[in-house]
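Visitor: Quick one: this structure, given as structure tokens, is what I'll be asking you about.
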Amino acid sequence: MPEGIAAILNALPYLLQGSFVTIVVVIGAMALGLVMGVPFAVGQVYGGPIVRRVIGVYVWFFRGVPLLVLLFLFYFGLCSLLDINLSAFTVAIIVLGSISSAYQSQIFRGTILSLPEGQLKAARALGMSDTRAIVFVIIPQALRLSIPAWSNEYSIVLKDSAVTYALGVAEIMARTHFVATRTYQHLPLYLAAGVIYLLLTYLGVKALRMIESGTRIPGYTR
Amino acid sequence: MESEPILVVENIKKAFGPRVILKGVSMAIRRGELKVLIGPSGAGKSTFLQCINFLVTPDAGEIRLEGRPIHHSRKRELYAYRQQVGMIFQDFNLFDHLTALDNVMIGLVRVKGMDRKSARERAMAEIERVGLKEHAGHYPAQLSGGQKQRISIARALAMDPKVMLLDEPTSALDPELIGEVLAVIRDLVANGMTMVMATHQIGFSRAMANEIIFMEDGLIVEQGPPSVILSDARCERTKEFCSKITELYGEAS
């Protein structure tokens, strides 16, 4: 086993650089998912039949097609068809973010629907337009209530990011695979990779807990 | 009472699917009047009040404020109209994520486009008026029911409404908190606010209302001054209902 430990120690700086790539991919994908997911949720709750239909198809598509298929479809398929040159790293963020936006939109849709109807009524009664009521009254409350489900989404995106190694993104999994096939120390290195993922999950969920308690509305119990 | 009515509501009809809630309800109110709506639950009082500011869109009927008909399909006109018609809800509907002060300020800042400093001053003045200066920094969840309702009245008053609609403002309150809210409403009457209020506070209505309107099954059954409706109603059904709620809610206000 000492060679195993030596292999981990030797590979560690290289793997930690990979963690940095993983973190950037995950944060990028979560942010993209948030920026797209919120308007999708609003559209699904308040939009007309056509808007709801279009978003429904989008959600159905990105929730239904496997991640690996989507990655290859975008990277090898769409990029060459449209003749655009995107790095594997960028495609990873776009694909993970698009999938996450589908899931996040359903999180936000649920929390928007869970708000009492009177919140929107009271805003309208003040003469507020629906757009303003949604931006200033509905979304700030819905986002707070979404954080617990959001931390679940974070841990899923984190783990999904390992699949982007198939495109050659130099994240944790790709680097572990690279070192393991050279040193034949598969067991210790994949154990090390697993531990790094566990730590990242722990830290991320912890950070979201802190955001959750930091944004909690005083006196509000839910 | 020589003046023109400030708010005229004509022949409002509303059905939710096969359920007809309002079968043609009309009302005219003059400046400074208080009209009280009474009637059993399901009579359509709440739907009627919400039709007046188009929170519920009427199927038919016309509403005129100061003689001008409101076209609710024109968004700008609708928003401008709603600013002039304050609404108080049974369950307060304060914005849960905002402090009492921000609840009162939000309409001034986000609807009237006032700068934050003058909005804050105006909001504080309204909060003082309902006697809650020390609670301005509290969130709704930290306030009692009576305090929440008083803040919601301050929120409506800050918009300088010409008319206020109150939908059973004390029904969700513990008995010992009703008095503080009625005191604020009494103050509004004294200051000449025009109001339509659904309530079963009979003692309050007897003392303060210009007219009591008895509704049942989506129609106005009878209306008149409190002295007539409460003690000497023509219609049997009105009499029966009034004696029941008088028994239940008492005479004291």
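Visitor: Whats the longest run of chain B with zero GluC sites (Glu not before Pro) that are DSSP loop and have at most 14 other Cβ atoms within 10 Å?
Guide: Free of exposed loop sites, the longest segment is B:67-250.
Visitor: What is the set of long-range amide H partners of B:ALA233 at a cut-off below 5 Å, with H atoms built 1.01 Å from backbone N?
Guide: Under 5 Å from the amide H of B:ALA233: no residue qualifies.
Visitor: Right, here's the next one. Describe numerically, in nm with one decimal, the distance between label points set 7 Å from Cα along Cα→Cβ at B:ARG64 and at B:ARG31.
Guide: 1.7
Visitor: While we're on this one: Need one number: nm distance between label points at B:ASP91 and B:ALA15, each 7 Å from Cα along Cα→Cβ, rounded to one decimal.
Guide: 2.8
Visitor: Full extension from B:ALA207 to B:ALA80: what is 0.36 nm times the residue separation minus their Cα-Cα distance, to one decimal in nm?
Guide: 42.4 nm
Visitor: Moving on to the next point. Given R₀ = 22 Å, what would the calculated FRET efficiency be for A:LEU16 paired with A:ILE156, taking r from the Cβ atoms and rounding to 0.05?
Guide: FRET efficiency, A:LEU16 to A:ILE156: 0.45.
Visitor: Against the longest principal axis of chain B, how steep is helix B:116-129, in degrees 0 to 90 to the nearest 10, with axes from Cα atoms?
Guide: 50
Visitor: Measuring from label point to label point, each 7 Å out along Cα→Cβ, what is the A:LEU86 to B:LEU219 span in nm?
Guide: The answer from the label model is 6.5 nm.
Visitor: According to the Cα gyration tensor, what semi-axes, each the square root of 5 times an eigenvalue, does the equivalent ellipsoid of segment A:3-215 have, listed from largest to smallest in whole Å? All intermediate terms of the calculation are to be shown ahead of the outcome.
Guide: Details: eigenvalues 294, 91, 26 Å².
Sorted largest first and rounded, they come to 38, 21, 11 Å.
Visitor: Which percent of Cα pairs goes in each bin when the distances of the protein assembly as shown are cut into 20 angstrom slices starting at zero?
Guide: Final binned percentages: 20, 40, 24, 13, 3, 0.
Visitor: To the nearest µm²/s, what D does Stokes-Einstein give for segment B:164-219 at 37 °C and 0.692 mPa s, using the Kirkwood radius over alpha carbon pairs as Rh?
Guide: 272
Visitor: With the full set of protein chains in place, find how many percent of the accessible area of chain A is carbon and sulfur; take the probe as 1.4 Å.
Guide: Working: 7910 of 11320 Å².
C and S atoms contribute 70 percent here.
Visitor: Using each residue's phi in segment A:57-69, evaluate 6.51 cos²θ - 1.76 cosθ + 1.60 at θ = phi - 60° and report the 3J(HN,Hα) Karplus result to the nearest Hz, with x for Gly and Pro.
Guide: Here the 3J(HN,Hα) series is 5, 4, 4, 4, 5, 6, 8, x, 8, x, 3, 4, 4 Hz.
Visitor: Count, for each residue of B:104-115, the Cβ atoms from other chains sitting within 10 Å of its Cβ, then give me the mean as a whole number.
Guide: 3
Visitor: I want the local charge near B:VAL8. Using Cβ-Cβ distances under 12 Å, sum +1 for each Lys or Arg and -1 for each Asp or Glu among the other residues.
Guide: Result for the local shell: -1.
Visitor: Go ahead and run the numbers for FRET between B:SER41 and A:VAL205, Cβ-Cβ distance against an R0 of 41 Å, rounding to 0.05.
Guide: On the way: r = 47 Å, r/R0 = 1.14.
Rounded to the nearest 0.05, the efficiency is 0.30.
The values are calculated or read from the model by the stated rules, or taken from the named source; none is laboratory data. Not measured: the values here are computed from a predicted model. Positions of Cβ are backbone-derived with ideal geometry, glycine not excepted, and every protein chain shown enters the neighbour counts. Each accessible area value is taken on the protein alone, full model and side chains, heavy atoms only, with ligands, DNA and RNA left out. Shrake-Rupley method; radii C 1.70, N 1.55, O 1.52, S 1.80 Å.
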